[in-house]
Amino acid sequence: MLEGYNLDINTQMKTLENIIMSSEIINTALKRAKQLNIDNYYIGAGCITQTVWNYLSNYPLDYGIKDIDFVYFDNLNLDFESENRVIMQVKQLYSALRIETDVKNQARVHLWYKDHFGYSIEPYTSLESAINTWPTTASAIGIRLDNNNEFKVYAPFGLNDLFGKIVRANKSQITKQIYEKKTASWLGKWSDLKVIPWE
């Protein structure tokens with residue numbers, strides 16, 4: 001039985017916190033993030049989801065994780081130079097963690113999205129509205145520590161697919177091609193994932 005699956009949300013939240021805080025990399029990333037003096041941010045997506053999958057599969061907690069996704073929202077500074085300053089700060093902050101960082105100001109994603117993915121999107125209105133569009137229900141998740149070191153989670157689709165190792169498309173923005181490429185890559189590392197086909 002998968003720990004956390006089909007349990008109440010409070011139990012799932014506590015289980016998630018225990019797993020994430022037992023990961024040396026993610027624990028350190030969360031604690032150090034407060035040094036950046038950025039209030040509106042999350043560490044999220046793959047590095048969180050895959051840490052949980054690794055725990056459930058009895059793999060090393062950092063297995064298969066290629067980077068730390070650090071997202072923030074600053075709609076007053078949409079130039080690349082401002083974003084790049086944050087990118088450099090985060091890279092320096094996490095330089096000892098032996099893992100890449102992927103830093104994005106979600107307020108300016110619409111400026112480059114078409115060039116990267118081939119179609120345009122509307123500007124996000126908040127950090128949470130960005131996470132609402134992330135490719136799968138299990139990976140649409142952001143975590144941070146608040147000013148009192150309380151564990152804060154934003155997971156618009158809940159946590160059950162995450163704990164059930166269920167990969168389900170969030171079709172609000174991605175295409176079938178993007179979804180199938182992502183799921184094929186994940187299955188190469190976590191072969192027991194339950195991938196729901198695109199319909």
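A compact table of results
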{"item": "Unique match (being modelled with pLDDT of 95 or more and more than 22 Å from N160 (Cβ to Cβ)) among R108, R144", "result": "R108"}
{"item": "Complete set of residues in the range 157-199 that are assigned to a loop (DSSP other than H, G, I, E, B) and under 12 Å from T136 (Cβ atoms)", "result": "F157, K165, R168, N170, K171, S172, Q173, I174, L193, I196, W198"}
{"item": "Complete set of residues in the range 114-127 that are surrounded by fewer than 16 Cβ atoms within 10 Å (Cβ to Cβ) and either closer than 30 Å to K194 by Cβ or not charged (D, E, K, R) (or both)", "result": "H116, F117, G118, Y119, S120, I121, P123, T125, S126"}
{"item": "Residues being touching a residue at least 12 places away in the same chain (Cβ under 8 Å) and assigned to a helix (DSSP H, G or I) - total across the range 12-27", "result": "11"}
{"item": "Odd one out for A140 among (1) exposed (fewer than 14 other Cβ atoms within 10 Å of the Cβ); (2) under 14 Å from the mean Cα position of the chain (by Cα)", "result": "(1)"}
{"item": "Boolean, I166 is surrounded by fewer than 17 Cβ atoms within 10 Å (Cβ to Cβ), aliphatic (A, V, I, L, M), closer than 24 Å to Y5 by Cα and modelled with pLDDT of 95 or more", "result": "no"}
{"item": "N160 vs. criteria under 18 Å from N10 (Cα atoms) and crowded, with 17+ Cβ neighbours inside 10 Å", "result": "yes"}
{"item": "Test for Y179: is it touching a Gly at 6+ places or on another chain (Cβ under 7 Å) and under 16 Å from T133 (Cβ atoms)", "result": "no"}
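The values are calculated or read from the model by the stated rules, or taken from the named source; none is laboratory data. The shown structure was predicted, so the numbers you read here are calculated from the model rather than taken from an experiment. Note: ideal-geometry Cβ built from the backbone for every residue, glycine included; neighbour counts use all protein chains shown.
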